[in-house]
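So the structure is just underneath, and the comments pick up after that.
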């Protein structure tokens, strides 16, 4: 592991970029910035108001207005994304987070960085060597987040069953920009009551600490080229009974050259180094490059990237396995679009190879090697057509040839109809598939997992989902009030679950992964943005979700029946003052398939106050979980109060 590489980069950046940080985060003067250009939903640029597929955008300004320190906390304000079972502390897990009732960690929702697939467990909040967490990169590196609700396999292939989240990083600037910031926080851990016994944290009566600092610099070179470099350091003491330090050094570098008016070349380097003291070490690397070619009605993007995740999980004798090795992606892709009047034809192809090379050392000394190469070749086509400037139809189809599962065809049909300038209707239906995880497929021998053993199953089938949705978007009060209300339903078959085989190994039960059951999820989602004039504004969201597991007849785990988020804000621009609240209400959710254990309904209140000291410099104070809620989960270690101070500046 390269222990000293990234701190050295930090020193270099600090010398390059002493003072700084970008200007004031904008107050929410616009009720909803529907002029924002998005690309994830259709792989072609559309304004948010005109994109035919339901898409939610979280801008840099939205992020700045929230009392959050990581991506999971920001995403949890979106109706349909559930993160309430996790804490906003770096190094803590996000493995129960879900999108429309299906969790990220097991690959039911696809997480991208700049349109590129990603893995990573501990540093991103995921669980296990196969896990996918939400905190993939530091929040200060993020420019915006595009969230596509509903199946995305027609454009993105496997693991886009419930949706796609594309985390888009800061771009190369048009002129020189220097920025820097630092956050210091302190928090406590609440008592835990489990099976009638109450335990206290080992440092009861003392505050734990979290810190974050970044520095960034970007500029143009020779008029035709620009670059951006960003270094970030995070540290926290976790949420376990005893403090466990986690830290991460992260680096982002970008370059773009406009060869002429029609051709641009771009490249990116990402690297991170993460450690949870005594438990995990993880290094990630990503290198990507490509070109954008535009001429008349034609556009072509060609891109290739390599992503490598090198990890050590556990230690010799660790009851959940001592795992070490690497997993990565190599992918090349090309996307061509032809803009012909009121229609857009998009054709694309991808070649992807996932490499898996690691070993698991079990407590008894046995070794389980995992060495696999999974190849996927894909072709997709999409036609967008607009009629009479009111009706837009999109039909898409993707063909995947998977080295393990053979061929998959995934169609999708979407429609948008403008009933009036202030009223828009959207609807879509599509098919998606999810390939089983590494653990479910490829282990050569049963794997010890604490109190039981688990066996892989190479004969598993992919999980298949059919989903449809419909929504209405409405402007009111002279476009000072914006709301959207939608309904969705997802039916999933061939779900993969662990089944007790009735056998034992070393007197411990043996479980095996099997395709055994089907499930459905349906619900309503409401989003509201209001700006009645003056300094006050309100953003709100709500979701009501019902689930059903056909195998047990019960509800799915970790899906609350309802969730509500209210975000009132007040900005006094002349005084350089601002304040905001985030009030989150979460309904009951089950934690076991038998539906006998629950997380109770609860309310969490966070607050943020900021002062602009001078142009480009801001001081922020945030208080999280003001009421000291146990978040309905007294059986686990949860944070109590969290306090944060942040100073950032830019020019």
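No value in this document is a laboratory result; all are computed from the given coordinates. Because the structure is predicted, anything quoted here is derived from the model rather than measured. Cβ atoms come from the backbone with ideal geometry, glycine included; neighbour counts cover every protein chain shown.
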Inset, instruction - Report the residues of the range 215-230 in range of a label on residue 263: point 7 Å along Cα→C-beta, backbone N strictly under 16 Å from it. - result: 224-225
Inset, instruction - Counting only C-alpha contacts under 8 Å and six or more residues apart, can you give the relative contact order of the chain as a whole percent? - result: 13
Legend entry - Span from the the range 95-164 Cα centroid across to the the range 428-503 one, whole angstrom: 12
Legend entry - Within the chain, helix-based [θ] at 222 nm, where runs of 4 or more DSSP H residues each add -39,500 (n - 2.57), nearest 500: -1000 deg cm²/dmol
Inset, instruction - Could I have the simple spin-label model distance between residue 497 and residue 326, label points 7 Å from Cα toward Cβ, reported in nm to one decimal? - result: 3.9
Inset, instruction - Could you rank the peptides 309-317, 212-220 by their average count of other C-beta atoms within 10 Å per residue, with the highest value first? - result: 212-220, 309-317
Legend entry - Contact order relative to length of the range 568-624, as percent, for alpha carbon pairs under 8 angstrom and 6 or more apart: 29
Inset, instruction - Work out the FRET efficiency for residue 583 and residue 293 from their Cβ-Cβ distance, taking R0 = 51 Å, and round it to the nearest 0.05. - result: 0.60
Legend entry - Packing-based order for 470-476, 72-78, using average beta carbon neighbours within 10 Å, highest first: 72-78, 470-476
Legend entry - Value of relative contact order over the range 195-302, rounded to a whole percent, pairs C-alpha under 8 Å and six or more apart: 18
Inset, instruction - Report the residues of the range 83-125 in range of a label on residue 643: point 7 Å along Cα→C-beta, backbone N strictly under 20 Å from it. - result: 88-90
Legend entry - Additional length obtainable on full extension of the chain from residue 334 to residue 37, 0.36 nm per residue less Cα span: 104.8 nm
Inset, instruction - Estimate the FRET efficiency between residue 197 and residue 373 by the formula 1/(1 + (r/R0)^6), using the beta-carbon distance for r and 51 Å for R0, to the nearest 0.05. - result: 0.60
Legend entry - Amide N of the range 206-235 lying under 13 Å from the label point, which is placed 7 angstrom from the Cα of residue 176 along Cα→Cβ: 217-222
Inset, instruction - With a Förster radius of 45 Å, plug the Cβ-Cβ distance of residue 419 and residue 353 into 1/(1 + (r/R0)^6) and report the FRET value to the nearest 0.05. - result: 0.45
Legend entry - Semi-axes of the equivalent ellipsoid for the range 222-333, Cα gyration tensor, largest first, Å: 39, 17, 9
Inset, instruction - Subtract the Cα-Cα distance of residue 315 and residue 452 from 0.36 nm times their separation in residues, and report this length gain in nm to one decimal. - result: 47.5 nm
